[in-house]
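In what follows, a structure is listed as structure tokens, so that the remarks can point back to it.
The values are calculated or read from the model by the stated rules, or taken from the named source; none is laboratory data. What you see is a predicted model, and the numbers here were worked out from it, not measured in a lab. Don't worry about glycine lacking a Cβ; one is built from the backbone with ideal geometry, like all the others, and counts go over all protein chains shown.
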Amino acid sequence: MSNEGLWSEEELKASVEAYAEMYRADQAARRVNKAQMYRDLEERFDRANKAFERRMQNISHVVTLLGGQYVKGLKPLSHIGANTQPVLERLVIESGFLEREDTIQANTTLPLRLEEADERVSRLQNEWNKSGKTVLPPNGFIKAEEYESKTIQRKRCLEVKVWVLHNSNGVCESCGADAPFSKEDNIPYLEVHHVVNLADDGPDTTENAVAVCPNCHRALHLADNKGQLIENLYTSVKRLRRP
């Protein structure tokens with residue numbers, strides 16, 4: 001097998017489908033022959049079976065980012081490629097194998113203007129709260145799209161904001177205090193802060209966003225010890241990823 005170039009979506013989809021079969025077998029404590037599955041893929045595509053094994057480890061990495069448990073024996077491998085990772089994330093979500101009766105997979109909608117997103121945050125928070133289910137994080141956007149107003153603004157992923165607020169359970173992820181008050185809809189009031197600012201090309205993802213009280217939000221932007229506050233976040237909030 002000699003094809004070492006870019007992977008087609010057909011190859012990636014077939015890899016995700018095979019991984020889904022292994023995942024379901026894992027969940028049911030049922031054994032599958034992984035090596036044979038790689039050989040089957042090798043026969044379908046002009047690519048060595050070892051390449052498919054590495055790709056399965058890439059899918060394990062995506063699965064962990066989406067809040068799932070990777071298949072035993074396929075340790076996550078993060079070296080995927082900037083163009084390939086979003087495709088794998090989409091295919092994993094579309095396949096649905098991570099969804100269970102007690103989980104919701106948060107979507108990533110089209111980018112929204114900040115004022116448009118604010119109108120919909122409370123409704124989605126209420127839906128997730130009432131469901132009583134664990135909400136798996138959305139993909140978000142690696143680079144937030146700009147739009148013009150009186151100043152340059154950046155569109156946000158609604159689900160990233162809501163997931164971060166929902167996941168905080170009303171507790172500031174910086175100081176650990178309860179939200180200072182509840183809004184009219186009885187949802188605790190916290191604000192979402194991007195650890196690497198969107199203006200500095202930080203990603204609009206759950207791995208770069210925290211729910212904080214208004215005081216901590218201002219401190220993260222303005223305090224003389226904001227560098228230490230940010231370091232504390234990277235230490236205490238395990239989902240965060242350094243740039």
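Can you tell me which residue is nearest to Q85 (Cα to Cα) among those in the stretch 201-237 that are among the acidic types (D, E) and out of contact with any strand residue (DSSP E or B) (no Cβ under 9 Å at 6 or more places or on another chain)? Write out each step before concluding.
Keep residues of the stretch 201-237 that are among the acidic types (D, E), which gives 201, 204, 207, 224, 231.
Add one more test, that the residue is out of contact with any strand residue (DSSP E or B) (no Cβ under 9 Å at 6 or more places or on another chain), and what stays is 201, 207, 224, 231.
Details: D201: 18, E207: 15, D224: 37, E231: 27 Å.
Ranking the qualifying residues of the stretch 201-237, first place goes to E207.
Of all residues in the stretch 225-235, one or more are under 27 Å from S122 (Cβ atoms), modelled with pLDDT of 95 or more, under 19 Å from the mean Cα position of the chain (by Cα) and not small (G, A, S).
Would you be able to tell me the number of residues in the stretch 190-224 that are acidic (D, E), within 15 Å of the chain's Cα centre (by Cα) and assigned to a helix (DSSP H, G or I)? Give the steps one after another, and end with the answer.
In the first step, residues of the stretch 190-224 are kept if they are acidic (D, E); the result is 191, 200-201, 204, 207, 224.
Subset that is within 15 Å of the chain's Cα centre (by Cα): 204, 207.
Cutting the leftovers down to assigned to a helix (DSSP H, G or I) gives us 207.
Summing the residues that are acidic (D, E), within 15 Å of the chain's Cα centre (by Cα) and assigned to a helix (DSSP H, G or I) in the stretch 190-224 gives 1.
Checked against (1) surrounded by 15 or more Cβ atoms within 10 Å (Cβ to Cβ); (2) in contact (Cβ under 8 Å) with a residue 60 or more places away in the chain, Y70 passes all but condition (2). When residues in the stretch 11-62 are screened for being over 23 Å from G96 (Cα atoms) and outside any helix (DSSP H, G or I), 4 of them pass. In the stretch 147-181, of all residues being closer than 16 Å to V210 by Cα, of a type in the set (D, E) and not in a loop (DSSP other than H, G, I, E, B), the one that is modelled with the lowest pLDDT corresponds to E159.
Given the criterion outside the structural domain of E127 (by TED's automatic domain parsing), at pLDDT 90 or above and small (G, A, S), identify the matching residue among S2, S60.
S60
Within the stretch 77-94, the only residue that satisfies the criterion of being loosely packed, with under 15 Cβ neighbours inside 10 Å and under 18 Å from L136 (Cα atoms) is E94.
In the list A199, A211, which residue meets the criterion of being exposed (fewer than 13 other Cβ atoms within 10 Å of the Cβ) and either free of Cβ contacts under 8 Å to residues at least 60 places away in the same chain or in the same structural domain as C157 (by TED's automatic domain parsing) (or both)? Spell out how you get there, then give the answer.
Working: A211 fails: exposed (fewer than 13 other Cβ atoms within 10 Å of the Cβ).
Exactly one residue qualifies, and that residue is A199.
Condition first: touching a residue at least 24 places away in the same chain (Cβ under 8 Å), touching a Ser or Thr at 6+ places or on another chain (Cβ under 6 Å) and part of a loop (DSSP other than H, G, I, E, B). Can you find one or more residues in the stretch 73-90 that meet it? Yes: the stretch 73-90 contains one or more residues that are touching a residue at least 24 places away in the same chain (Cβ under 8 Å), touching a Ser or Thr at 6+ places or on another chain (Cβ under 6 Å) and part of a loop (DSSP other than H, G, I, E, B). Any residue at all in the stretch 132-145 that's in a helix (DSSP H, G or I), modelled with pLDDT under 90 and charged (D, E, K, R)? No; the residues of the stretch 132-145 include none that is in a helix (DSSP H, G or I), modelled with pLDDT under 90 and charged (D, E, K, R).
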